[in-house]
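The values are calculated or read from the model by the stated rules, or taken from the named source; none is laboratory data. This is a predicted model, so every value here is computed, not measured. Virtual Cβ from ideal backbone geometry, glycine too; neighbours counted across all protein chains shown. Quick note on the areas: whole protein, heavy atoms, side chains included, nothing else; ligands and nucleic acids left out. Shrake-Rupley method; radii C 1.70, N 1.55, O 1.52, S 1.80 Å.
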Amino acid sequence: MIKTDILIIGAGPTGLFTVFEAGLLKLKTHLIDALPQPGGQCAEIYPKKPIYDIPGFPEVLAGDLVDNLMEQIKPFEPGFTLGERAETIEKLEDDTFLVTTNRGTKHNAPVVAIAGGLGSFEPRKPPIPNIADFEDKGVAYIIRDPEVYRDKKVVISGGGDSALDWSIFLADVASEVTLVHRRNEFRGALDSVEKVAELSKLGKINLVTEAEVKELRGEEYLTGVNIKHKTKGDIAIDTDYFIPLFGLSPKLGPIANWGLEIEKNAIKVDNSYDYQTNIPGIYAIGDVNTYRGKLKLILSGFHEATLMCQSAYQRIHPDKKYVMKYTTVGGVEGFDGSKKEAKKETVKAII
Ligand SMILES: Cc1cc2nc3c(=O)[nH]c(=O)nc-3n(C[C@H](O)[C@H](O)[C@H](O)COP(=O)(O)OP(=O)(O)OC[C@H]3O[C@@H](n4cnc5c(N)ncnc54)[C@H](O)[C@@H]3O)c2cc1C
């Protein structure tokens, strides 16, 4: 069981910044995210796009913003459960919460901060009748650890960047890589398309276009796939893994069944104070919440995380009074012993 002070569901920009604000209050944090990497929409949807409305950054790539947030929170040593979706929540007798993921990992905390954005990104699954039977038994929709595929046979399907990039990467890892795509043209970046064509010529990727995986074979574990080709008919390929990479679509998912007040697919919160939901101890911050005038922007999430942490502190330490200090005055002291000292300088004031 993972125990922490604030359990954060969602490692997007809002969830990541919550770690920093909680850290200033000496509160420990742990993040759960359904994606294999932190960064939420910024990392998953638009890492190479420049953002222009982060205060103090005239222009910053979404991916760089995530890297900077990760650097900023490092001293506070947050825990991560990545590639797992928070599935159920239970209130325990000691007034704390038990959150269990779809893979059975249990987390316990007195405060839960839902920073779930548009929801957890669910893989788009191809319509193959028995695909669910082979999930985690040869079928994967997200590549968490490429080493799993070392010296194995892999069939990837899809025509976007994910399918192309992973085919290129796994060509040096797996014993055999087959890339199956419905069309001759790919949607991904041109240099990736060219690289796949080159690797195909070298025999390092078996490229099968104008084709779709229609059937999966195997007893308990996957042993092969049957492909339907537009002109050549059926092709049977033996494989250890089938990885359909057709993109991810966000869904509020299991959180919608946690007894929280929901309005238009978002969680209603008290924005006059601390972004708490209708269940005391559960907060909702960032894109996942709604209130009058809500703006789904990164800076809104940062602001909401800051206020939420103050309220969480009072809930965790009802007998202590926290006096807010500017970081320029108090500095930043990480749990790892690192210190960013406040500089004592004379401040000139014009009155
Ligand atoms: C193309 C594009 C451009 C944008 N440009 C800008 C811009 O210029 N400026 C700006 O301010 N905003 C912009 N935005 C919006 C901005 O990205 C969002 O406001 C921001 O990402 C919200 O952050 P968040 O942390 O609240 O949620 P998200 O970034 O959505 O992160 C939520 C995370 O929670 C996880 N999650 C959800 N449910 C669960 C669960 N049950 N279990 C585990 N994990 C879960 C998800 O996997 C996800 O990683 C843009 C968005 C898009 C799509």
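Note on the stretch 125-246: with charges restricted to the Cβ of Lys and Arg (+1) and Asp and Glu (-1), its dipole about the Cα centre is near 420 debye. Only one residue of 293, 167, 101 has its Cα farthest out toward the positive end of the dipole of the chain, where Lys and Arg carry +1 and Asp and Glu -1 on Cβ, and that residue is 293.
Here is the P(r) of the chain: all C-alpha pair distances, binned every 20 Å from 0, give 27, 49, 22, 2, 0 in whole percents.
Amide H contacts of residue 215 (H built 1.01 Å from N, in plane; Pro and chain starts excluded): 226 sit under 5 Å, all sequence-distant by 5 or more or on other chains. Using Cβ point charges alone (K and R +1, D and E -1), the dipole size of the stretch 210-351 about the Cα centre works out to roughly 920 debye. The portion of the accessible surface of the chain made up by carbon and sulfur, rounded to a whole percent, is 51 (1.4 Å probe; DNA, RNA and ligands excluded).
Each of 245, 316, 30 was scored by the projection of its Cα onto the charge dipole of the chain, and the greatest displacement toward the positive side belongs to 316; charges sit on the C-beta of Lys, Arg, Asp and Glu. Close amide H contacts of residue 2 (hydrogens built in the peptide plane, cut-off under 5 Å, sequence separation of 5 or more or a different chain): 106, 107, 108.
Largest accessible area first, the listed residues 201, 339, 344, 294 line up as 344, 201, 339, 294 when surface is computed with a 1.4 Å probe on the assembled protein chains. Among 44, 87, 59, the largest mean-square fluctuation in a Gaussian network model of the chain (Cα springs under 10 Å) belongs to 59.
Using a Gaussian network model of the chain whose springs link C-alpha atoms within less than 10 Å, name the residue from 205, 235, 45 with the highest mean-square fluctuation. Residue with maximal mean-square fluctuation among 205, 235, 45: 235.
Mean-square fluctuations from a GNM of the chain, with a 10 angstrom spring cutoff on Cα atoms, peak among 335, 169, 302 at 169.
Between rounded, prolate and oblate, where does the stretch 41-82 land on the alpha carbon gyration tensor, with a ≥ b ≥ c its root eigenvalues, rounded for a/c under 1.5, else prolate if a/b exceeds b/c? Verdict is oblate for the stretch 41-82. Rolling a 1.4 angstrom probe over the protein heavy atoms with all chains in place gives the chain an accessible area of 53 Å² per residue. Taking the centroid of alpha carbons for each part, the stretch 12-32 and the stretch 62-78 are 10 Å apart. Magnitude of the charge dipole for the chain, about its Cα centre and with charges confined to Cβ atoms of Lys, Arg (+1) and Asp, Glu (-1), is about 660 debye.
Taking a straight line from the alpha carbon of residue 26, these aspartates and glutamates sit under 20 Å away, with near neighbours fewer than eight places off in the same chain left out: 5, 71, 77, 274, 304, 319, 333, 336, 341. When you work out D = kT/(6 pi eta Rh) for the stretch 125-246 at 20 °C and 1.002 mPa s, using the Kirkwood radius from C-alpha pairs as Rh and the Stokes-Einstein form, the result is 152 µm²/s.
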